[in-house]
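Data block below; observations after.
The values are calculated or read from the model by the stated rules, or taken from the named source; none is laboratory data. Quick caveat, the model's predicted, so the values are computed rather than measured. For neighbour counting, all protein chains shown are included, and Cβ atoms are generated from backbone atoms with ideal geometry for every residue, glycine included.
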Amino acid sequence: MSMDPGTRRPLKPAHYLILLSLAGGDLHGYGLKKAIQRRTDGEVTLGAGSLYRSLSQLVERGLIAPSGQRPDPVLDDERRTYFRITDQGRQAAATETERLARLVEGARAEGLGS
């Protein structure tokens, strides 16, 4: 079973979505919020409190880290903190993806979904 390496439990949905979004490149909080909305066709919108609490928890677990890279200052607000996925975070997301795929496969075998 796929587990969050820091807790030995499956990843929380918000944590998984954040890791998926960061797999494509570094993002700041608002960028993550928008990426998650796009990824879920607007079905998931993380409020500021949930988003920044999740970011803090992911940093604590070593699954993401503040990024030292920044876009051109002319194109960005210097107060933003960008985050990147770590190797451990990439592994946790991959493991969670496999766990979820097995669940979907089982559901389809029972005639649920297509």
- Would you tally the residues in region 41-59 being free of Cβ contacts under 8 Å to residues at least 40 places away in the same chain and either of a type in the set (Gly, Ala, Ser) or surrounded by fewer than 18 Cβ atoms within 10 Å (Cβ to Cβ) (or both)? 13
- Query: Can you name the residue in region 65-82 that is modelled with pLDDT under 95 and not in a loop (DSSP other than H, G, I, E, B) and, of all such residues, is surrounded by the most Cβ atoms within 10 Å (Cβ to Cβ)?
  - Reply: Tyr82
- Item | Members of region 41-54 found to be more than 15 Å from Ala93 (Cβ to Cβ) and either within 11 Å of the chain's Cα centre (by Cα) or in a helix (DSSP H, G or I) (or both), listed by number | Ala48, Gly49, Ser50, Leu51, Tyr52, Arg53
- Query: Hey, among the residues in region 19-40 that are in a helix (DSSP H, G or I) and touching a residue at least 60 places away in the same chain (Cβ under 8 Å), which one's farthest from Arg99 (Cα to Cα)?
  - Reply: Leu22
